[in-house]
Amino acid sequence: MQNRFGSGIILQEPAVDETPTLWVTGENIVTVVDHLRSKISRPYSFLYDLCGIDERNRTKKNHLPPADFTIVYHLFSYDRNDFIRLKVPLQGEYPSLPSITPVFVNANWYEREVYDMFGIRFAGHPHLQRILMPLTWQGHPLRKEHPARATDMGPFQLWDEKQDAEQAALQFRPEEWGMKRHSDDADFMFLNIGPQHPGTHGVLRIILQLDGEEIVDAVPEIGFHHRGAEKMGERQSWHTYIPYTDRVDYLGGVMNNLAYLLAVERLAGIEIPDRARVIRVMLCELFRIASHLVWFGTFAQDLGQLSPVFYMFTDREKIFDIIEAICGGRMHPNWFRIGGVAQDLPGGWARLVQDFVHYFPKKITEYRKMVIDNSLFKARTRGVGIYTLQEAIDWGVTGPGLRACGLEWDLRKKRPYSGYEQFDFEIPTALNGDCYDRSLVRVEEMRQSLRIVAQCLNNMPAGRYKAEHALATPPDKQYTMQDIETLITHFLNVSWGPVIPAGEAMSCIEATKGANGYYLISDGGTSAYRVRIRTPSFPHMQMVPYISKGYTVADLLAILGSVDFVLADIDR
């Protein structure tokens, strides 16, 4: 890269997570990205993430290029099984740089998010406007000068003028999106699906342009569920931020904790004991089954079957009974900790897990016959919402949606974490990339998750449930009365939280809906300088208009259900 681009590559930065990191000039970023995507062997064909950083308050920059803001690009190569990180330094109050949307189509929403959160503009972007915040919002929330709490912003008042402005901002103007109100021989109709519609599975609005029943175009409007999860990460301590992660993919439970903690533990250099790793894997796979059961039942309901959702939610409650017995909580257990888990497994846990492992296989078979083999279900899903493997990679699809296109790719196998390399399981795939195949993959994934849970049950190692490390939160209470240093560390870790060494690290796990990861930056303090959450549902929703055109409104509900998104996972 240095030989090819010369001064366009400013420097190579060593990273804690060992991801190759290059600083690139703004005027060269499009050329560099295009080179990595299409001009080299084993290319970086997948734009995994794109985000911004406000560098102005950062103190430990370690001789990095001067920058008021930084744009960070994470590219991934399936051929190399490796990431590369590109950084562009920007100076000025409201800087700009070229858009990479001509190279990566899925950069569209990511660049809009950076503009929304930081006020950084991307020249050449096809439609640069806010995406998560209301169009009338004042300021850019992830800039350091923007308040982190509502109490810092004064009382809310809704004047008549403000109400009129807010109502006007809600009006959809098709010309702004390149749409025409009519064609030469027909008038198109515009239809709102949502934001209060059972088929959208949450507060989501999709504006459809219709020719009769046929979808000509669609514009998703997201952000109704945005709660500033990344901003909250900058004000909470490393430890007290853990329960906030539960609420991102709120069906994934402790899996959210794991994605965050893997990045924290990499920054801190903490090695996790074997027992803690296996406990984490077991609970993550139980939550994967629970999440897929919610998807399975509600998807069947979207397509006209009423009974399955009651059966599957009943089985989900059986999983929650196990989770509650171990963690004390159900949907949001908040049970993983820096260095391990909160407590050891309680007495009787093995019997509960054994009963479920014995009970559930026959239920999967029953549900498959009830739903997947149903002729109406097949008619509503086969050949609907199709995309190819290349289209999936272009749009950033991961998880079951990618495997339904024939690519045998699962981060638990290809880039194992938390000891997944020790488990025996298969990667379910399909070939057609339609709604039906995405369903097949998820059903088989439940079987494979049950295999992993059974292996955890039968091979649970002995030993500690938490690392013996000074930054593990908190140190064991039993030692605090033996020496003053442990007492002081315990007190500080509970009150302030641990001080994580300066640096940056990224995690990436196979979550319930695809690749989920955290990119964390520490400035050597008791809280993160920057928390970036890469969720799978965000790019998946961006692709919905592309795979919906030419289908009917009824097909759109099948497509939305097959994507299996969570609104909090999109909006954060």
- Query: Is there any pair with a first residue in segment 433-451 that is touching a residue at least 40 places away in the same chain (Cβ under 8 Å) and within 16 Å of Ala300 (Cα to Cα) and a second that is charged (D, E, K, R) and outside any helix (DSSP H, G or I) whose Cβ atoms are under 6 Å apart and which are 6 or more apart or on different chains, and what are they?
  - Reply: Tyr436/Arg382
- Message: If Leu286 meets every condition in (1) of a type in the set (A, V, I, L, M, F, W, C); (2) assigned to a helix (DSSP H, G or I); (3) surrounded by fewer than 24 Cβ atoms within 10 Å (Cβ to Cβ) apart from one, which number is that one?
- Response: (3)
- Task: Could you please let me know if Leu258 is buried (at least 19 other Cβ atoms within 10 Å of the Cβ), in the same structural domain as Thr298 (by TED's automatic domain parsing) and over 25 Å from Arg530 (Cβ atoms)?
- Result: no
- Output the strands (runs of 3 or more DSSP E) that fall wholly within segment 29-106 and possess 2 or more residues being of a type outside the set (Phe, Trp, Tyr), touching a His at 6+ places or on another chain (Cβ under 9 Å) and in contact (Cβ under 8 Å) with a residue 24 or more places away in the chain, or say none. 46-54, 82-90
- Task: With the condition kept exactly as written, say whether any residue in segment 46-69 is among the small types (Gly, Ala, Ser) and within 22 Å of Arg530 (Cα to Cα).
- Result: yes
- Given (1) among the small types (Gly, Ala, Ser); (2) within 21 Å of Asp564 (Cβ to Cβ); (3) within 28 Å of the chain's Cα centre (by Cα); (4) surrounded by fewer than 17 Cβ atoms within 10 Å (Cβ to Cβ), Gly304 misses just (3)
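So, restricting to helices (runs of 4 or more DSSP H) that lie completely within segment 363-477, which ones have at least 2 residues that are among the acidic types (Asp, Glu) and buried (at least 20 other Cβ atoms within 10 Å of the Cβ)?
Working: elements: 375-381, 389-395, 400-403, 411-414, 435-458.
So the answer is 435-458.
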- In segment 502-540, the residues that are of a type in the set (S, T, N, Q), farther than 22 Å from Arg56 by Cα and crowded, with 24+ Cβ neighbours inside 10 Å: Thr512, Asn516, Thr535, Ser537
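So, of the residues in segment 17-28 that are touching a residue at least 24 places away in the same chain (Cβ under 8 Å) and out of contact with any Lys or Arg (no Cβ under 6 Å at 6 or more places or on another chain), which turns out to be surrounded by the most Cβ atoms within 10 Å (Cβ to Cβ)? Please lay out each step first, then the result.
Step one: filter segment 17-28 for residues touching a residue at least 24 places away in the same chain (Cβ under 8 Å), giving 17, 19-27.
Filter once more, keeping what is out of contact with any Lys or Arg (no Cβ under 6 Å at 6 or more places or on another chain): 20, 22, 24-27.
Working: Pro20: 14, Leu22: 20, Val24: 23, Thr25: 17, Gly26: 17, Glu27: 11.
Across segment 17-28, the extreme among qualifying residues is Val24.
Condition (residue is surrounded by fewer than 12 Cβ atoms within 10 Å (Cβ to Cβ) and at negative phi) applied to segment 187-194: is it met by at least one residue?
Within segment 187-194, one or more residues are surrounded by fewer than 12 Cβ atoms within 10 Å (Cβ to Cβ) and at negative phi.
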- Message: Yes or no: segment 324-340 includes at least one residue that is surrounded by 17 or more Cβ atoms within 10 Å (Cβ to Cβ) and part of a helix (DSSP H, G or I).
- Response: yes
- Message: Going by what's in this entry, would Ser449 be described as among the polar types (S, T, N, Q) and either at negative phi or at pLDDT 95 or above (or both)?
- Response: yes
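In segment 559-571, what residues are of a type outside the set (Val, Ile, Thr), surrounded by 24 or more Cβ atoms within 10 Å (Cβ to Cβ) and either more than 27 Å from Arg85 (Cβ to Cβ) or in contact with a helix residue (DSSP H, G or I) (Cβ under 7 Å, 6 or more places away or on another chain) (or both)? Break it down into steps so the answer makes sense when it comes.
At the first step, the residues of segment 559-571 found to be of a type outside the set (Val, Ile, Thr) are 560-562, 564-565, 567-569, 571.
Still in the list and also surrounded by 24 or more Cβ atoms within 10 Å (Cβ to Cβ): 560-562, 564-565, 569, 571.
Once the filter is applied, which keeps residues that are of a type outside the set (Val, Ile, Thr), surrounded by 24 or more Cβ atoms within 10 Å (Cβ to Cβ) and either more than 27 Å from Arg85 (Cβ to Cβ) or in contact with a helix residue (DSSP H, G or I) (Cβ under 7 Å, 6 or more places away or on another chain) (or both), segment 559-571 yields Leu560, Gly561, Ser562, Asp564, Phe565, Asp569.
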- Single residue of Gly297, Gly252 found to be crowded, with 20+ Cβ neighbours inside 10 Å and part of a helix (DSSP H, G or I): Gly297
- Task: Hey, can you tell me all the residues within segment 342-362 that are in contact with a Leu (Cβ under 8 Å, 6 or more places away or on another chain), under 19 Å from Ile323 (Cβ atoms) and either of a type outside the set (Phe, Trp, Tyr) or not in a helix (DSSP H, G or I) (or both)?
- Result: Ala350, Val353, Gln354, Val357
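For segment 369-422, enumerate the residues that are of a type in the set (S, T, N, Q) and within 29 Å of Val103 (Cα to Cα). Before the answer, list the steps.
Step one: of segment 369-422, the residues of a type in the set (S, T, N, Q) are 374-375, 381, 388, 390, 398, 418, 422.
Within segment 369-422, Thr388, Gln390, Thr398 qualify.
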- Task: Would you mind stating whether Glu176 is among the acidic types (Asp, Glu) and more than 22 Å from Pro220 (Cα to Cα)?
- Result: no
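For segment 107-127, does any single residue satisfy the condition of being assigned to a strand (DSSP E or B) and aromatic (Phe, Trp, Tyr)?
Looking through segment 107-127, at least one residue is assigned to a strand (DSSP E or B) and aromatic (Phe, Trp, Tyr).
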- Task: List the number of the failed condition for Ala515; all other conditions in (1) on the phi > 0 side of the Ramachandran plot; (2) touching a Cys at 6+ places or on another chain (Cβ under 8 Å) hold.
- Result: (1)
- Message: Would you confirm, using the coordinates I've provided, whether Ile207 is part of a strand (DSSP E or B), free of Cβ contacts under 8 Å to residues at least 60 places away in the same chain and within 27 Å of Met541 (Cα to Cα)?
- Response: yes
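So that you can scan it fast, the table gives a plain yes or no per residue for (1) small (Gly, Ala, Ser); (2) at pLDDT 95 or above; (3) over 28 Å from Glu391 (Cα atoms); (4) buried (at least 17 other Cβ atoms within 10 Å of the Cβ):
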site	(1), (2), (3), (4)
Val114	no, yes, no, yes
Leu132	no, no, no, yes
Thr136	no, no, yes, no
Pro141	no, no, yes, yes
Arg149	no, no, yes, no
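Condition check ((1) within 20 Å of Ile393 (Cα to Cα); (2) outside the structural domain of Pro141 (by TED's automatic domain parsing); (3) at pLDDT below 85; (4) touching a strand residue (DSSP E or B) at 6+ places or on another chain (Cβ under 6 Å)) across all residues:
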site	(1), (2), (3), (4)
Glu468	no, yes, no, no
Asp476	no, yes, yes, no
Met506	no, yes, no, yes
Arg530	no, yes, no, yes
Met541	yes, yes, no, yes
Asp555	no, yes, no, no
Val563	yes, yes, no, no
Val566	no, yes, no, no
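The values are calculated or read from the model by the stated rules, or taken from the named source; none is laboratory data. Here the structure is a predicted model, which means the values were calculated and not measured. Don't worry about glycine lacking a Cβ; one is built from the backbone with ideal geometry, like all the others, and counts go over all protein chains shown.
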